[in-house]
Amino acid sequence: MTTPRPETLAKLTPVLTKRWLSPDAWRIGTYEQLDGYAALRKALKAHPDDLIQLIKDSGLRGRGGAGFPTGLKWGFIPQGDGKPHYLVVNADEGEPGTCKDLPLMTHDPHALVEGVIIASYAIRASRAYIYIRGEAVHAARRLRNAVQEAYDKGYLGRNILRSGYDLELVVHSGAGAYICGEETALLDSLEGFRGQPRLRPPFPATHGLYASPTVVNNVGTIASVPPIVLGGADWWKTMGTEKSSGPMIYSLSGRIANPGQYECSMGVTLRELLELAGGMQPGHNLRFWTPGGSSTPLLAAEHLDVPLDFEGVAAAGSILGTTATQIFSDQDCPVYATYRWLEFYHHESCGKCTPCREGNYWMVRVYRRILAGQGTHEDLDTLLDTCDNILGRSFCGLGDGATSSVTSSLKYFKQDYLDYIEGRTAPKLSDKQLVGAH
């Protein structure tokens, strides 16, 4: 294993991860010793509008996948409308390969709690919610403990730090539905209804939780707020690129020597990330990879030097997404990988809209035929036609995300499909697994 070059090591920028290895990092005592709640004290002395402008100036963009400018989203909240305002944190991390929010909440929950308080103060919210995935029992336990510690120390509740500002924070566990990672489905679930996406407009900024102005942000986005308040917008922009500022946690998994979380300045390349992670596993060569989770179009080995920021990945034909970088080798099959992802999206589709509900159901069956050696050339046209009828025609992004690996794998690895269809590759599925595929 080669040692990373100094210029590659310089890409590591621990901001959100800097406390993770500290003893008892999840406890408020450790957090306070390491700059904890200093940003809150500074923020409470500022005008809420100045905080919104600070976040705008920093260029912080959403870390949940869409990359929408955070300060702009906060600025959409109407002020002086007489309605209650809400902050909702989307901690429903459930996409295959995505695993950066759970370790953040497990190892440094107070970073999220402090970010929630500052963001709520900025948008004039007196109540905030963290919607966490139901299966994330350990992270939820740590988070609830951190919230209680914050209440006990006067960082939450009435008259926070004698500023006159009040905030109640609730940690809510969902029931493990991937669709509730979509912000409007999350809001429906939080209100006690079945989690299904809403038709927009109206948007959550004016008609969100309980039909009131609401900001919905990802865990990583909100946890980035305290360091920006402490360090300033100019400091934040020293990391990353011009249009994608700050550091990002890249979750590396798959055929690599050292999988894990690597917090780097945005714009780092996969080549550099692989260098930091010790390279590919022995005997494996890079073949395909996802830059942002299973809902982002696949990229190939030729994209090793694509800058992993919002603009760079988009120019390469994919999406930065949640920076869940799943790495596959020449010993992995892109057809089978796509099939497994599609099974997930078919299972997690809420069924509200026809394109997603029916399209994913039938595409799974086409893939089963192909992988059982019973596919036809027409099946490939059927897949592309089905994707065309799902993309942009679904209520939410689940349908769009499900098509990503299908169209991109056909773009780069069509020969792999033909090898199954024309009998050059042995079937991966048996006739028993083929039941219902016709």
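The values are calculated or read from the model by the stated rules, or taken from the named source; none is laboratory data. None of these values were measured; they are calculated from a predicted model. Reconstructed Cβ throughout: ideal geometry from the backbone, glycine too, with neighbour counts over all protein chains shown. Heads up: the accessible areas ignore ligands, DNA and RNA and are worked out on the full protein's heavy atoms, side chains in. Shrake-Rupley method; radii C 1.70, N 1.55, O 1.52, S 1.80 Å.
Label the stretch 132-210 by shape, choosing from rounded, prolate and oblate, from the square roots a ≥ b ≥ c of the eigenvalues of the Cα gyration tensor; if a/c is under 1.5 it is rounded, and otherwise prolate applies when a/b is larger than b/c, oblate when it is not. Write out the running numbers ahead of the final one.
Details: a/c = 3.79, a/b = 1.45, b/c = 2.62.
In terms of gyration-tensor shape, oblate.
Per-residue counts of other Cβ atoms within 10 Å, averaged by peptide: what ranking do you get for 53-65, 403-415, highest first?
On the way: 53-65: 21.8, 403-415: 20.2.
Sorting 53-65, 403-415 by mean packing, highest first, produces 53-65, 403-415.
Along the stretch 115-132, what does the Karplus equation 6.51 cos²θ - 1.76 cosθ + 1.60 (θ = phi - 60°) give for ³J(HN,Hα), rounded to whole Hz, x for Gly and Pro?
x, 4, 5, 5, 5, 5, 4, 5, 9, 6, 9, 9, 9, 9, 10, 10, 9, 10
Can you give the relative contact order of the chain as a percent, counting alpha carbon pairs under 8 Å and 6+ residues apart? Display every interim value, and only then the final one.
Details: 870 pairs, mean separation 70.8, N = 438.
Reported as a whole number, the value is 16 percent.
Mind checking the stretch 140-228 for GluC sites (Glu not before Pro) that DSSP puts in a loop (not H, G, I, E or B) and that have at most 15 other Cβ atoms within 10 Å? Before the final figure, lay out the partial values.
Working: sites: 149, 168, 182, 183, 191; in loops: 182, 191.
Qualifying residues, ordered by number: 191.
Charges at C-beta only: +1 for Lys and Arg, -1 for Asp and Glu. How large is the resulting dipole of the stretch 39-162 about its Cα centre, in Debye rounded to 20?
Working: 18 positive and 13 negative charges, 77 e Å.
Magnitude of the dipole: close to 360 debye.
Would you mind computing, in nm to one decimal, how far apart the modelled labels at residue 414 and residue 32 are, each placed 7 Å from Cα along Cα→Cβ?
Calculated label separation equals 6.4 nm.
With every protein chain left in place, what is the accessible area per residue of the chain in square angstrom, probe 1.4 Å? All intermediate terms of the calculation are to be shown ahead of the outcome.
Numbers: 17780 Å² over 438 residues.
Solvent-accessible surface per residue comes out at 41 Å².
With a 1.4 Å probe and every protein chain kept in, tell me what percent of the accessible surface of the stretch 125-272 is carbon plus sulfur. Numbers along the way, then the final one.
Numbers: 2950 of 5860 Å².
Here carbon and sulfur together make up 50 percent of the probe-accessible area.
When DSSP beta bridges are limited to those with both residues in the chain, what percentage is antiparallel, rounded to the nearest 5?
Details: 17 of 38 bridges.
Restricted to the chain, the bridges split so that about 45 percent are antiparallel.
When the accessible area of the stretch 2-41 is split by element with a 1.4 Å probe, what percent falls to carbon and sulfur? Kindly include the intermediate steps, with their values, before the conclusion.
Values: 1330 of 2330 Å².
On the stretch 2-41, the fraction of accessible area on carbon and sulfur atoms equals 57 percent.
Quick one: compute the contact order of the stretch 304-438, relative version, from alpha carbon pairs under 8 angstrom and 6+ residues apart, as a percent. Don't jump to the answer; show the numbers that get you there.
Numbers: 133 pairs, mean separation 37.1, N = 135.
Over the stretch 304-438, the number comes to 27 percent.
Loop only per DSSP, at most 15 neighbouring Cβ atoms within 10 Å: give me the GluC sites (Glu not before Pro) in the stretch 346-438, ordered by residue number. Before the final figure, lay out each step's value.
Working: sites: 348, 358, 378, 422; in loops: 422.
Hits after loop and neighbour filter: 422.
Rounded, prolate or oblate: pick one for the stretch 177-225, where a ≥ b ≥ c are the square roots of the eigenvalues of its C-alpha gyration tensor, a/c under 1.5 means rounded, and failing that, prolate if a/b is larger than b/c, else oblate.
Values: a/c = 1.98, a/b = 1.25, b/c = 1.58.
Oblate shape, in that a/c is at least 1.5 and b/c is the bigger or equal ratio.
Points 7 angstrom from Cα along the Cβ direction at residue 336 and residue 361: gap in nanometres?
Taking the two extended label points, one gets 2.8 nm.
Whole angstrom only: what separates the Cα centroid of the stretch 13-85 from the Cα centroid of the stretch 415-430?
Between the Cα centres of the stretch 13-85 and the stretch 415-430 lies a distance of 50 Å.
Roughly how many whole Å is it from the C-alpha centroid of the stretch 315-355 to that of the stretch 229-301?
After rounding, the separation between the Cα centres reads 18 Å.
Restricted to Cα positions, what overall size does the stretch 1-150 have along the principal axes? Three whole-Å values, descending.
Principal extents (Cα only, largest first): 60, 35, 35 Å.
For the stretch 42-119, what's the relative contact order in percent, using C-alpha pairs closer than 8 Å and at least 6 residues apart? Please list the in-between numbers first.
On the way: 37 pairs, mean separation 16.5, N = 78.
Dividing the mean separation by the residue count of the stretch 42-119 yields 21 percent.
Once you have the Cα-Cα distance between residue 315 and residue 238, take 0.36 nm times their residue separation minus that, and quote the gain in nm to one decimal. Mind dumping the intermediate values first?
Values: separation 77, 0.36 × 77 = 27.72 nm, distance 2.28 nm.
Additional length available on full extension: 25.4 nm.
Okay, helix-only estimate at 222 nm for the chain: each DSSP H run of n ≥ 4 adds -39500 (n - 2.57), divide by all residues, round to 500 deg cm²/dmol; what do you get?
Working: 19 runs with 184 residues, N = 438.
Value at 222 nm, helices only, nearest 500: -12000 deg cm²/dmol.
Can you give the FRET efficiency to the nearest 0.05 for residue 46 and residue 81, using r as the Cβ-Cβ distance and R₀ = 25 Å? Present the calculation step by step, with values, prior to reporting the outcome.
Numbers: r = 22 Å, r/R0 = 0.88.
Computed FRET efficiency for residue 46 and residue 81 comes out at 0.70.
Would the chain count as rounded, prolate or oblate if I go by the C-alpha gyration tensor, calling it rounded below 1.5 in a/c and otherwise prolate when a/b exceeds b/c, oblate otherwise?
Numbers: a/c = 2.17, a/b = 1.52, b/c = 1.43.
It comes out prolate by the Cα gyration axes.
Grab the Cα-Cα distance for residue 199 and residue 57, subtract it from 0.36 nm times how many residues apart they are, and report the gain in nm with one decimal. The partial results should precede the final answer.
Numbers: separation 142, 0.36 × 142 = 51.12 nm, distance 3.13 nm.
Fully extending the segment from residue 199 to residue 57 adds 48.0 nm.
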